[in-house]
Structures are given as structure tokens and as C-alpha cells.
1. With all protein chains present, how much of the accessible area of the chain (probe radius 1.4 Å) comes from carbon and sulfur, to the nearest whole percent?
2. One quarter of the convex hull surface, Cα atoms only: what value does that give for the chain in nm²?
3. Multiply the residue gap between MET57 and GLU165 by 0.36 nm, knock off their C-alpha separation, and tell me the result in nm, one decimal place.
4. What does the C-alpha gyration tensor say about the overall shape of region 290-337? Classify as rounded when a/c is under 1.5, otherwise prolate if a/b is larger than b/c, or oblate.
5. Dimensions of region 192-337 along principal axes (Cα, Å, largest first)?
6. Convert 20 °C to kelvin, take the viscosity as 1.002 mPa s, use the Kirkwood radius over C-alpha pairs of region 3-116 as Rh, and evaluate the Stokes-Einstein diffusion coefficient in µm²/s, rounded to a whole number.
7. Calculate the FRET efficiency for ASN9 and GLU317 from the Cβ-Cβ distance with a Förster distance of 45 Å, rounded to the nearest 0.05.
8. On average, how much accessible surface per residue is there in the chain, in Å², for a 1.4 Å probe, leaving out ligands, DNA and RNA?
Amino acid sequence: MPLPDFWRNSGFHLLERDPAGRLRVTDDFLRAYYLRPEVHPVEESDQAERELHASLMAEPRRRVTQSELNAMQDADARDNYRLVLKFRDRLLEAGTVEGCYMGLFKGAIHTPPLFIEQMVHVILRNILDGCDEPLQLRAAELLFREQKATIQDGHALLADLETVEMHAAGNRYGSIGRLIVEAQGALASVELDVLDQANAAIYWERESRHDTVISLTYGRPGLAALSRVLEIWVQHFRGIAVRVHPIRRIEEARWAWHIGLDAESTAILNELWSGAEVEPGRMQRILALFALQFDDPAAMRGDIAGRSVYLALSADEEGVVRMKPQNLLTNLPVNEA
């Protein structure tokens, strides 16, 4: 039986794989950006804007002159086109979505976060193609969608932030905290379920609704699923086999290397490593700890070869998890030789 399709809104079907398995930029993929509401003509659009849009739909890679942009009367439209076209040029220069993504982090980042998240979305859709584990797919959403975290009785529960805010704004389910805490029990009535091995199949029907909760509690399958996603992420970009496993605490007093998977984790781990005292309230923001090990120690930096790399994922002071998956790629202690 063929596996169900998933993440149909990622744009994956508009791209092609190159021989290395990376996503080659196509004209149809570029057209999808021209159809975004920020640049698609509206009733008030002037003739210059309509003509530019039509020409780009016909020739998605064509060069756009400054005079063409200046001819549009709407300043917001001009700015939106500049952003989209600058991003398009980066995609074309890189040739693949993966190449564009990695190139972003070699200097100052001027690409809108939305575009970065979309790249992560479609890259993960590519590398998880054929995945038959719904928990891995839900865990992978952490890499490109912000999450709202709640700790209740030692359980770390993550719900999609946009979904939670939408529900809260509609006053349908009461307070955000209660919404997520109650997810430990029966939530069929509010259409928000904690995804676990027993009910994982419901993900296939709801994969684009972002209305399931995942537990990152130590020992739960959601945390193991996230570990597998991190391994695949590193393998795809760096060509290096690593093993990631959840841990309760870092036992080494002077560990060799750490990587924060978000800004809060980076700050906390840096302070702990330097010997500073971290206020207990901040320590409680750490939702998950992992130990990463290279299958081949020779692929690791020589001075720390064979040592564990510790990873952390945390919520910020508002309880929001904003994962930065690029940290795992750019900060990995790889033997570049």
C-alpha cells in the first residue's frame, strides 16, 4: 500500500531532485512566489505592476530593472517585489534550495524569516519522503513552525503556536495554558490531540492542520522521533552519520562541545559551561537535552574526536519554542579536512 502524501503545501511537488538528492530550483517553484499575496496584483494595482507580474509569470528568471520597479506607484508593492526578487536571485545563484539555505548563514541575514522557514519546510519534505512514522513528521514541524510549550506535572507538551493563538483569539477553548494542559486528557472535543504511538495514524488526516500536540517528555516517543529527524538533517546537509539520543542531564563537568538549538538554549549552555550560576526559573525552560555522537570519530574535529556533543532545546520567557535548525549545521565540530 502506498504511503499517504504529506505536507502538500510545502512546494515539494514543484521541485526536482538533482543527482545528489537536493532540490533543484524550477520555474514553477519561482512562480509560486509570484502568486503570493504580497506580490500578486490586486484590484488597485496599476498597469506597471500588472505588466511586471505577467512578465515574471511568463519568464520567472528574467532580470527586472530598477526602472520597472520604480514605475509602480505603490511603495509597498515595490518593497515586496524587491524582497521576493532578491530571494529569487539567491535561489538561482545557489541552484538548489539546500545551497541557498546554507549560504544564508555565511554573513548577515537579510532574508525574511518566512522564506527561511519555507525552505526548511520543503527540505524536510524532501529528506523525509517515504517516512511512515507520523511522530517523526510532527517532530520535524518544530524545525520550521514555532511552538507553544507548557510544562505540567513534569510533562513537556508542545502545540503549534499559530494554531493556539488562532483558537485563543476565537475564544473557543479558553486560556492557552488550559488548552495545552488539558491535552494530556481527552481532547477529541476540541480537535487537539496529543500524538502518541497509539493514535499516530490521525496525523495523516490532519498533517496540514497543525492541530496535534507532541510530548517532549523524557522517555516518550516524541523525543526519540525528534532525535531521528536531527540525525537525518545532519546526514542530508553534511554527509555525516551521527547518532542523537535524549538524556536527562549532562553528566560531564567540563564537556567538550555544545549546540543550542535555539537562542535561549545557546545562552543557557554558554553560561553553564563558563561556570556561571543560572537562575532556576531559566533552567526550567530547557525542554530537552540530547547527546550527539559521530559514527566516525575521524569526521569530528581532531582535538575533541570521540567526545559527545550536547544539544538543548528550550522555550523562551513567553513559553515559545523558536528552533534554529541551522545551528546544528553551522556549529557542528566537523573535521573540515
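1. After summing per-atom areas, the C and S share lands at 49 percent.
2. Details: hull surface 82.2 nm².
Averaged projected area of the chain's Cα convex hull equals 20.6 nm².
3. 35.4 nm
4. prolate
5. Ordered largest first, region 192-337 gives principal extents of 48, 38, 23 Å.
6. Values: Rh = 15.3 Å.
Reported coefficient: 140 µm²/s.
7. Details: r = 31 Å, r/R0 = 0.69.
Computed FRET efficiency for ASN9 and GLU317 comes out at 0.90.
8. 48
The values are calculated or read from the model by the stated rules, or taken from the named source; none is laboratory data. Because the structure is predicted, anything quoted here is derived from the model rather than measured. With ideal geometry, Cβ positions are generated from the backbone for all residues, glycine too; neighbour counts draw on all protein chains shown. Please note that ligands, DNA and RNA were not included when accessible areas were found on the heavy atoms of the full protein model with its side chains. Shrake-Rupley method; radii C 1.70, N 1.55, O 1.52, S 1.80 Å.
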